[in-house]
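Undergrad: Here it is, the structure in full.
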Amino acid sequence: MSKLNGKVAVITGATSGMGLETAKLFLNEGAKVVLTGRSDEKLKAVESELSGDYLLVAAEASSSADSKMLIDKTVAAFGKIDIMFLNAGIFRMEQTGTLTEEIFDEVYNVNVKGPLFTVNAATEHLNEGASIIFNTSVTNVKGFPGMAAYGSSKAALRSITRSLAAEFGSRGVRVNAISPGPIDTPIYGKHNVPQEHINEMAGSFPSMVTLGRFGNSSEIATVALFLASQDSSYITGAEIPVDGGFAQT
């Protein structure tokens, strides 16, 4: 039997990588899925990979107005919400001394404000027993040069996970996080990270991972399915690392 049959799921940042793989898996498991991306063009480009009952919504992850619009369109199309995977994020590397307020604000607006205010807009539309999943990062527990803004934004999201778990517990709504380690995903090349930094990370990360390799987006998607389904019915406030041992050993 499908694990998400008839459930309504919202997935932000769903036009590539972890978000797209999770959307495809949720659709295969019987969910009605709302996928967001920054533009109609990016959303239309993935339609050939999707099958099932889905809705594409162009929404900017940092915009509270877009978050409200996203929830309004979801409710109009499918009714109440059972699952939220707040996956949209931005990755920026900037050494202290060259970090600007503009970069800091951009990172926090997308990585912290965006997911929090998307949940804020959805609160009254969540079914009892709903599951909220945030996408954090191993950088919230492990330090790297140039990641003061990015790592601290993910640490803030980890804190939000705990706070909302406490807040929503009385409604039976579970709030958890997935903490990816080095995952083979387009995020590194999408946000003005210099190619030499990408090459440096790609060369050094596998040697730091206990399992000796990068993870892939489908390995995030299967954990998202676990947290979205009744398989994790007694788990809330938790963060599950999917990092091949990167931050665990």
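Every number in this text was worked out from the coordinates using simple rules, so none of it is lab data. Given the structure is predicted, the values throughout are model-derived calculations rather than measurements. As a convention, Cβ positions derive from the backbone with ideal geometry for all residues, glycine included, and neighbour counts pool all protein chains shown.
Undergrad: Compare the peptides 71-82, 173-184 by average per-residue count of other Cβ atoms within 10 angstrom and give them in order, highest first.
TA: My ranking of the peptides, most packed first, is 173-184, 71-82.
Undergrad: Same structure, new question: Using Cα positions and a limit of under 29 Å, work out the lysines in reach of K142, with same-chain residues fewer than 8 apart set aside.
TA: Leaving aside lysines fewer than 8 places away in the same chain, those within reach of K142 are K113, K154, K190.
Undergrad: Could you give the dipole magnitude of the chain about its Cα centre, charging the beta-carbon of Lys and Arg +1 and that of Asp and Glu -1, in debye to the nearest 20?
TA: Approximately 480 debye in magnitude.
Undergrad: Could I ask something else about it? Would you mind checking which residues have amide H under 5 Å from I240's amide H? H placed 1.01 Å from N; only 5 or more apart, or other chain.
TA: A177, I178, S179
Undergrad: If you don't mind, there's one more thing I want to ask. Take each of the peptides 210-220, 24-34, average the number of other beta-carbon atoms within 10 Å over its residues, and list them starting from the highest.
TA: 24-34, 210-220
Undergrad: Taking the Cα-to-Cβ direction at T100 and at T249 and moving 7 Å from each Cα, how far apart do the two end points lie in nm?
TA: Rounded to a tenth, the inter-label distance reads 4.2 nm.
Undergrad: Another one. In nm, what is the difference between 0.36 nm times the number of residues separating S163 and D53 and their Cα-Cα distance?
TA: Net length gain for the segment: 36.4 nm.
Undergrad: Taking the Cα centre of the range 126-176 as origin, work out the dipole magnitude from +1 charges on Lys and Arg Cβ and -1 charges on Asp and Glu Cβ, in debye rounded to 20.
TA: 160 debye
Undergrad: Straight-line reach from K42: which aspartates and glutamates have a Cα under 16 Å away, not including same-chain ones fewer than 8 places off?
TA: Partners within reach: E21, E60.
Undergrad: Working only with C-alpha atoms, what are the Rg and Dmax values of the range 8-242, expressed in angstrom?
TA: Both quantities, over Cα of the range 8-242: 16.8, 49 Å.
Undergrad: Report the one residue of T12, N120, L35 whose Cα lies farthest in the direction of the positive end of the charge dipole of the range 8-242 (charges on C-beta: Lys and Arg +1, Asp and Glu -1; origin at the Cα centre).
TA: Selected residue: N120.
Undergrad: Turning to a different aspect of this structure: What do you get for Rg/Rh over the range 28-122 if you use C-alpha atoms and the Kirkwood form of Rh?
TA: Rounded to two decimals, Rg over Rh is 1.04.
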